[in-house]
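A.B. asks: Before anything else, here's the structure in question.
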Amino acid sequence: MTAVREAPAGTATGPQPAARRRLADREGALAWLFLMPSVVYIVVLVGVPFVLAVGFALSDVTAGDPSYDFVGLRNFRRVFDDPVFWRSLGNTFIFTGISMVLIVVLGKVLANILIADFKGKWIVRFLVLLPWTTPVTLSSIAWLWMLDSIFSPIDWILRQMGLLGRPGDLLGAGSNMYWLGEPGLAMASVITVHVWRLTPLAAVIMMAGLMAIPRDLDEAARVDGAGYWRRMFEVTVPLVLPVAAVAALFGTIFTFTDMAVVDVLTNGGPNNATQVLTSWAFFRGIDGGDVGQGAAIALFLFPVLLAAAIAILRAVRRMEVG
Amino acid sequence: MASSQPTPSPPMKAVVEVKGLVKEFDGGAGRRGRGRGGVRAIDGVDLATEEGEYLVLLGPSGCGKTTLLRTIAGLEQPTAGDVLINGNVVTGLPPRARKVAMVFQSYALYPHKTVLANIVFPLRAAGMARPERERKAHWAAELLGIEHLLGRKPRALSGGERQRVALARALVREPHVFLLDEPLSNLDAKLRSSARDELKRFQQEVGTTTIYVTHDQVEAMGLGDRIAVLSNGKVRQVGKPIEVYDDPADTFVATFIGSPPMNLVPREDQLVGFRPEHLLPDAVLAGMADREKIPLAVDRIEYLSGDRHVYGTVTGIGKPTRVVARLPATVDTPISAGETYDFAVARSRLRFFSAETGLRI
C-alpha cells in the first residue's frame with residue numbers, strides 16, 4: 001500500500017487517488033487563477049474607461065445627445081482654442097511641482113520625527129498620519145471652513161497677533177484675508193491642503209527608506225567627524241534618494257489626478273485661477289454636458305501619468321539592484 | 001608615484017583610559033538595549049592602554065566589549081565614569097572631537113561613494129584642502145595595497161578589500177586611537193588568518209594605539225600586545241597573551257581561553273586546573289621529579305591535525321572528573337579507549353582556584 005503511494009504518478013500501476021496532482025500542485029493553472037482578479041480589474045476599470053475616453057474624445061457625444069458620431073480631432077481643436085484649458089494645464093503643473101517639492105521636503109522631516117525615539121511618540125505618529133487617513137472630501141470641507149472668507153479661524157489668529165485688520169498691519173488693514181477669493185492666495189491654499197494631505201504618505205515611504213539605512217553608516221560618519229548637516233546631505237539623503245523618488249512620484253500622481261481639493265475649496269475659481277485639468281474636464285464633461293470635450297481634456301493627463309509610472313518602475317528596479 | 005612623497009607626521013602614541021566606567025541600558029527603550037530591565041552592559045571597568053599598544057578586548061558575545069569600544073568612540077554615553085584620551089577627559093565630547101577612528105564589524109562603507117570618496121570623507125569633514133586630501137588618500141591606499149580600487153564602489157569589492165578600505169578611511173585622519181570592532185569576522189577562515197597577519201604588520205608600521213574587539217581567542221592571542229578578558233561587563237584579567245593563557249586570574253578566563261579549555265577538577269574547596277597539553281602519559285614526563293600522577297580512564301580519542309585529544313575521567317587528584325588531554329604528534333604512546341593509563345602533570349603547571357569564587361588562589 002505504501003509502496004503504491006510512493007510511486008510517482010503515471011507509472012504502470014496507474015494513477016492512484018493519493019498520487020493525483022491536486023489543483024494546488026498545478027502552478028500554471030494557479031498562476032492564472034491568482035492573476036485573474038487583477039487582470040479583470042485592470043481590464044474593466046482601467047482598460048475599458050481608457051478606450052471609452054479615447055472614443056468619446058473623438059466624438060460629439062453630449063449629455064443631451066448620447067448618440068455616437070465620429071468627429072475626428074474637432075474636440076481637441078476646440079480645447080486648444082480655449083484659454084481656460086491652457087490656464088488649467090499651467091495650473092496643474094504649478095500645483096504639482098510646488099506640492100511635490102514641499103511634500104518631499106516635509107515628508108523627510110516628518111519621517112525623521114517618525115523614526116525618532118522619545119516619550120509619547122505614538123501620539124505624534126498618530127497625529128502625523130491623521131491627514132492621510134481622513135477622507136479627502138471631509139478634510140477638504142474642514143479646510144473650507146478654516147479658510148472661510150468671514151469666519152476663518154486663521155484670520156482670527158492673525159488679527160489677535162496684530163498682523164491683520166488695522167491700518168499699517170503687515171498683512172493689510174482688511175478684516176479678512178479672503179484665502180479662497182484672491183487668485184494667488186487661492187492657489188497657495190489649494191497647494192497647502194494638498195501638501196497637508198499627502199505629506200504623511202511621503203513620510204511613511206521615507207521612513208521605510210530611512211529605516212533601511214544601516215545605523216553603522218551614520219555612526220561611522222559621526223566618528224569620521226561629520227556634523228549633522230554633512231551626515232544628512234552626504235550619507236542619509238543619497239541613500240534615501242531612490243525611496244524619496246518613489247514618494248515624489250506618488251505625490252505627483254496624487255496631486256496631478258486629484259480634483260476633490262480644488263472642487264471643494266474653490267471649484268476652480270476665482271476666475272479659473274485654481275482650475276486644473278481634472279476639475280476643468282469634470283466641469284466641461286459632466287457639469288457642462290460636453291462629454292467629448294471633457295474626455296479630450298482628461299486625455300492630457302495620460303502622457304504625464306505614463307511618464308510618472310515609468311519613472312516609478314525604474315526607481316523601484318534600481319532599488320532592487322542596489 | 002605616491003611612494004616618493006613624504007609620509008605624514010609620525011603617529012600620536014596616545015593613551016586611552018577608562019575609569020569606573022558603567023553603562024546601563026534601560027530595558028526595551030534603548031534600541032541597542034540587550035534584554036529587559038536595566039542591563040549593565042559595562043559594570044565598573046577600569047582599563048588603560050599603553051602608548052602605541054595593541055590592546056585586545058576579548059569576551060563572549062554580550063560581555064560588553066563592543067559597548068566599551070563604542071563608549072570610547074563616543075557613540076554611547078556612559079552612565080557613570082570617564083573616558084580619557086591622553087589624560088584629557090573626553091566623556092562629554094562628541095565622537096568627532098575625540099580624534100578616534102573606528103572600523104566597524106560591517107565596515108560601514110558609504111555605499112554610494114567610490115572608494116576614494118570613502119577614504120577622503122573624514123578629511124573633507126575636517127575641512128582639508130583638496131590636493132592634501134588626495135595625497136593622503138593615495139598614501140593610505142598605497143599602504144594598504146588598494147590603489148587600483150580607488151574608482152570602484154564598495155559593492156564591487158570583496159570582503160577583504162572592503163576591510164582594507166575601511167582601514168584606509170580610518171588611517172587617513174591620523175587618529176590618536178584606532179578602534180576596531182571585530183573587523184575580521186566577516187571574512188572567510190582562510191582570508192581571516194592572512195588579514196590578521198596584515199593587520200598586525202599594519203599596526204606595527206603606523207604605531208598608533210589600537211583597541212581591538214573580538215570574541216575569537218585566536219585573534220586575541222595572535223594580535224594583542226595585551227588582552228583584556230571581559231565577562232558580564234567586568235574586566236576579568238588584563239595581561240600579555242602568555243599571562244592570560246598560563247596564569248588565568250579566574251576560572252572564567254581559564255575556560256574561555258584555550259581550545260580545548262583548561263581542565264578543572266574539584267578538590268575539597270578548590271578547583272585544580274591544568275591545560276590539556278600538560279596532561280601527558282606518565283612515561284613522557286618520567287624525567288621530571290616534581291609531577292602529579294593522575295590515572296586517566298580513557299573513553300574516547302580524537303585525531304585532530306596530528307594531535308590526539310584524549311577524553312577520559314581522572315581520579316586521584318580530586319573528585320572523578322571528565323577531562324581532556326592533548327597529546328602532540330611527538331608523543332606516540334599507544335592509547336586506546338576503554339583502558340586506564342597513568343598520566344601526569346608537572347606540578348608547576350597546576351593552577352588552583354577557589355571553588356566558591358572561581359578566583360585564583
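A.B. asks: Return only the number of the condition from (1) buried (at least 21 other Cβ atoms within 10 Å of the Cβ); (2) within 16 Å of the chain's Cα centre (by Cα); (3) not aromatic (Phe, Trp, Tyr) that B:Asp197 does not satisfy.
C.D. replies: Checking B:Asp197 against (1) buried (at least 21 other Cβ atoms within 10 Å of the Cβ); (2) within 16 Å of the chain's Cα centre (by Cα); (3) not aromatic (Phe, Trp, Tyr), the one that fails is (1).
A.B. asks: Turning to a different aspect of this structure: Considering each residue of region B:78-101, count those that are in contact (Cβ under 8 Å) with a residue 24 or more places away in the chain, at negative phi and touching a strand residue (DSSP E or B) at 6+ places or on another chain (Cβ under 8 Å), and give that number.
C.D. replies: 10
A.B. asks: Of everything in region B:135-154, what is over 28 Å from the mean Cα position of the chain (by Cα) and more than 21 Å from B:Glu205 (Cα to Cα)? Give them in sequence order.
C.D. replies: The answer is B:His148, B:Leu149, B:Leu150, B:Gly151, B:Arg152, B:Lys153.
A.B. asks: Restricting to region B:228-264, what's the tally of residues that are in contact with a Pro (Cβ under 6 Å, 6 or more places away or on another chain) and over 14 Å from B:Arg351 (Cα atoms)?
C.D. replies: Qualifying residue count for the region: 1.
A.B. asks: Starting from residues that are more than 14 Å from chain A (Cβ to nearest Cβ) and basic (Lys, Arg), keep the ones in region B:166-203 and report whichever is farthest from B:Leu123 (Cα to Cα).
C.D. replies: B:Lys190
A.B. asks: Let me ask another. Which of the residues that make up region A:102-120 are more than 13 Å from A:Leu210 (Cα to Cα) and exposed (fewer than 14 other Cβ atoms within 10 Å of the Cβ)?
C.D. replies: Scanning region A:102-120 gives A:Asp117, A:Phe118, A:Lys119, A:Gly120.
A.B. asks: Only one residue in B:Lys113, B:Lys99 is facing chain A (nearest Cβ under 10 Å), surrounded by fewer than 24 Cβ atoms within 10 Å (Cβ to Cβ), more than 30 Å from A:Lys119 (Cβ to Cβ) and in contact with a His (Cβ under 6 Å, 6 or more places away or on another chain). Which one?
C.D. replies: Only one candidate passes the filter, namely B:Lys99.
A.B. asks: For residues that are over 23 Å from B:Val324 (Cβ atoms) and touching a residue at least 60 places away in the same chain (Cβ under 8 Å), tally how many sit in region B:228-260.
C.D. replies: 7
Every read-out reported here was derived from the displayed coordinates using simple, explicitly stated rules and does not represent laboratory data. The model shown is predicted, which means the values in this text are computed figures rather than measured ones. Cβ: placed from backbone, ideal geometry, glycine included. Neighbour counts: every protein chain shown.
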